[in-house]
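The structure appears below as structure tokens.
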Amino acid sequence: MSELDDIRAMATRFFDAIEAGDIATMRGSFTPDAEIWHNTDELIVTPDQTAATLTGMVARIKDREYAERRLTVFPGGFVQQHVLRGRRTHDDGEVRLPCAIICKVAGGKITRLDEYFDSAHVATFRKFANA
């Protein structure tokens, strides 16, 4: 496989794991010192903090799907645009969160992930997240 094929396969496994609620596989996709940045709070967090956040997301959103995936790979990384779809577990309400993810990859692992969620959709989701 070429570097681009390897990156494409890793990116697909990464999002498939989150979709399936497989936090261990998702966590294993990062280097130990990876940085994960979010546009909604402008914080850089660790892979362990991301695993904790996604554990909560999995508990709050059922029938998760990364729909409308548009994955572009390039030497050293990838960009994926998608819409996270699902249903809120507490009231079965629809979840729709458009997002773009930019990742740097080295040695088959993500070293940096920059996450861009549509802030209006995130605000709507957060109204119901702790209900």
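Matching residues to (1) closer than 26 Å to ASP33 by Cα; (2) of a type in the set (Asp, Glu); (3) at pLDDT below 95; (4) touching a strand residue (DSSP E or B) at 6+ places or on another chain (Cβ under 8 Å):
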{"residue": "GLN81", "(1), (2), (3), (4)": "yes, no, no, yes"}
{"residue": "ARG88", "(1), (2), (3), (4)": "no, no, yes, yes"}
{"residue": "ASP91", "(1), (2), (3), (4)": "no, yes, yes, no"}
{"residue": "GLU94", "(1), (2), (3), (4)": "no, yes, yes, yes"}
{"residue": "LYS104", "(1), (2), (3), (4)": "yes, no, no, yes"}
{"residue": "THR111", "(1), (2), (3), (4)": "yes, no, no, yes"}
{"residue": "ASP114", "(1), (2), (3), (4)": "yes, yes, no, yes"}
{"residue": "SER119", "(1), (2), (3), (4)": "no, no, yes, no"}
{"residue": "ALA123", "(1), (2), (3), (4)": "no, no, yes, no"}
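Of the residues making up the range 20-28, none is under 11 Å from the mean Cα position of the chain (by Cα), touching a residue at least 40 places away in the same chain (Cβ under 8 Å) and on the phi < 0 side of the Ramachandran plot.
I'd like to know if the range 48-60 contains one or more residues that are in contact (Cβ under 8 Å) with a residue 60 or more places away in the chain, closer than 19 Å to ASP6 by Cα and in contact with a helix residue (DSSP H, G or I) (Cβ under 9 Å, 6 or more places away or on another chain). The answer is no; no qualifying residue exists. Filter the range 55-75 for residues that are of a type outside the set (Ser, Thr, Tyr), closer than 25 Å to GLY108 by Cβ and out of contact with any strand residue (DSSP E or B) (no Cβ under 6 Å at 6 or more places or on another chain) and give the result. Hits for the range 55-75 are MET57, VAL58, VAL73, PHE74, PRO75.
Can you find, within the range 16-45, the residue that is modelled with the lowest pLDDT among those that are surrounded by 16 or more Cβ atoms within 10 Å (Cβ to Cβ) and under 13 Å from GLU115 (Cα atoms)? Going through the qualifying residues, I end up with HIS38.
Are any residues in the range 1-43 under 15 Å from PHE78 (Cα atoms) and part of a loop (DSSP other than H, G, I, E, B), and if so, which ones? Selection gives SER2, SER29.
Those residues that are more than 12 Å from the chain's Cα centre (by Cα), part of a strand (DSSP E or B) and surrounded by fewer than 17 Cβ atoms within 10 Å (Cβ to Cβ), I need them from the range 46-66; list them, please.
Of everything in the range 46-66, those that are more than 12 Å from the chain's Cα centre (by Cα), part of a strand (DSSP E or B) and surrounded by fewer than 17 Cβ atoms within 10 Å (Cβ to Cβ) turn out to be LYS62, ASP63.
Taken over the range 67-97, the residue count meeting the criterion of being surrounded by fewer than 16 Cβ atoms within 10 Å (Cβ to Cβ), in a strand (DSSP E or B) and in contact with a helix residue (DSSP H, G or I) (Cβ under 8 Å, 6 or more places away or on another chain) is 3. Selection within the range 98-120: residues that are touching a residue at least 40 places away in the same chain (Cβ under 8 Å) and outside any strand (DSSP E or B). The member of this set that is surrounded by the most Cβ atoms within 10 Å (Cβ to Cβ) is GLY108.
The values are calculated or read from the model by the stated rules, or taken from the named source; none is laboratory data. No experiment lies behind these values; they were computed from the predicted model shown. Quick reminder, even Gly has a Cβ in these numbers, built from the backbone with ideal geometry, and neighbours come from all protein chains shown.
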